[in-house]
Amino acid sequence: MATFADLPDSVLLEIFSYLPVRDRIRISRVCHRWKRLVDDRWLWRHVDLTLYTMRPKVMWHLLRRYMASRLHSLRMGGYLFSGSQAPQLSPALMRALGQKCPNLKRLCLHVANLSMVPITSLPCTLRTLELHSCEISMAWLLKEQDPTVLPLLECIVLDRVPAFRDEHLQGLTRFRALRSLVLGGTYRVTETGLDMGLQELSYLQRLEVLGCTLSADSTLLAISRHLRDVRKIRLTVRGLSAPGLSVLEGMPALESLCLLGPLITPEMPSPHEILSSCLTMPKLRVLELQGLGWEGQEAERILSKGLPHCMVIVRACPKESMDWWM
């Protein structure tokens, strides 16, 4: 019977990569071989620290000892709701990430108070920035700020960021490399603000609007007006109607369309109406319907048969993947 000692290094590294950071460090004490493997650069490309309320001293140790130039993706929490004595993310730590982690491309911050952290302290190498349930300064994303900040930023995810509003949406034009925008639960963005913001962000190739107060019809109307080159659209179906979906007809570059449930209005387009609109999109290759309750029903058969050139995915809303960096 094979034991751990019989497994090649590549297999052990793959197994270790699924361990929480604390356990990775602990297993380095098992034997010399495991200590060598825990020091392997490959194991520290993607690090998730959201499982811990971590003291600043420990975070600095991880940064110096294990992560440094190996780090490509980092996910960490700011402990916004853990009490006034909980450690907070600091400008010094953000600057150190930029200085010591030159290969850091993706930063995901969860439940963090960033109101005292200037956006200029974030690592300039970032290509993806995700903010989940974070507090930010009102000045963070305003148009008047330094346009040279985060020059490589291609994707920004704003998920339940209470301070984010219309002015911030228009301020995203300062990130000239930006191509992907995800808005989740940004309840202060209005229909007028979205229309004005997308007018200035006409170069976006991917837009997701999820769980916001905006109706799907108004969102699609703004997209059809200003994002003629968009390739991927993902949105919640709240307020979606057949006429609202029809504004996407003829979109020349659209490759992927994802509609997320649950169904809450009788105006929701029927499978035949969705099929009719999709047939006018010359480059559509993926149609995904999540959480609509249509999986395994007649609707799935109608869409799959009517769109032979498309990958049609009809399923319940999936759980979050452990491979969060993908």
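The values are calculated or read from the model by the stated rules, or taken from the named source; none is laboratory data. Model, not experiment: these values are computed from the prediction. Neighbour counts are summed over all protein chains in view; Cβ atoms, including those assigned to glycine, are modelled from backbone coordinates with ideal geometry. These area figures cover heavy atoms from the full protein model, side chains too; ligands, DNA and RNA do not enter into them. Shrake-Rupley method; radii C 1.70, N 1.55, O 1.52, S 1.80 Å.
Being modelled with pLDDT under 85 and either surrounded by fewer than 15 Cβ atoms within 10 Å (Cβ to Cβ) or under 21 Å from LEU126 (Cα atoms) (or both) is true for just one of TYR66, TYR52. Which residue is that?
The conditions single out TYR66.
Looking at LEU263, LEU172, LEU254, which one is at pLDDT below 95, closer than 23 Å to VAL312 by Cα and not in a strand (DSSP E or B)?
LEU263
Tell me which of these ARG22 doesn't satisfy, since it passes every other one: (1) basic (Lys, Arg); (2) exposed (fewer than 15 other Cβ atoms within 10 Å of the Cβ); (3) at pLDDT 90 or above.
(3)
Mind checking which residues of the range 189-205 are open to solvent by less than 60 Å² (accessible area, probe 1.4 Å) and either part of a loop (DSSP other than H, G, I, E, B) or not hydrophobic (A, V, I, L, M, F, W, C) (or both)?
Of everything in the range 189-205, those that are open to solvent by less than 60 Å² (accessible area, probe 1.4 Å) and either part of a loop (DSSP other than H, G, I, E, B) or not hydrophobic (A, V, I, L, M, F, W, C) (or both) turn out to be VAL189, GLY193, ASP195, GLY197, LEU201, SER202, TYR203, LEU204.
Which of the residues spanning the range 283-315 are open to solvent by less than 50 Å² (accessible area, probe 1.4 Å), within 23 Å of THR265 (Cα to Cα) and part of a loop (DSSP other than H, G, I, E, B)?
Those that are open to solvent by less than 50 Å² (accessible area, probe 1.4 Å), within 23 Å of THR265 (Cα to Cα) and part of a loop (DSSP other than H, G, I, E, B): GLY291, LEU292, GLY293, TRP294.
If the Cβ limit is 6 Å and pairs must be 6+ apart or interchain, which residue in the range 122-136 that is over 19 Å from LEU183 (Cβ atoms) pairs with which residue that is assigned to a loop (DSSP other than H, G, I, E, B) and open to solvent by less than 10 Å² (accessible area, probe 1.4 Å)?
Note: pairs meeting the criteria are PRO123/LEU104; THR125/LEU104.
Which one of the conditions (1) closer than 30 Å to LEU37 by Cα; (2) open to solvent by 10 Å² or more (accessible area, probe 1.4 Å); (3) of a type outside the set (D, E, K, R); (4) modelled with pLDDT under 95 does GLY78 fail to meet, given that it meets all the rest?
Failed condition: (2).
Scan the range 257-282 for residues that are open to solvent by 10 Å² or more (accessible area, probe 1.4 Å), under 20 Å from ILE223 (Cβ atoms) and among the polar types (S, T, N, Q) and jot them down.
THR265, SER276, THR280
Which one is surrounded by the most Cβ atoms within 10 Å (Cβ to Cβ), of the residues in the range 103-139 that are in contact with a Ser or Thr (Cβ under 6 Å, 6 or more places away or on another chain) and of a type outside the set (S, T, N, Q)?
Only one residue tops the list, namely LEU104.
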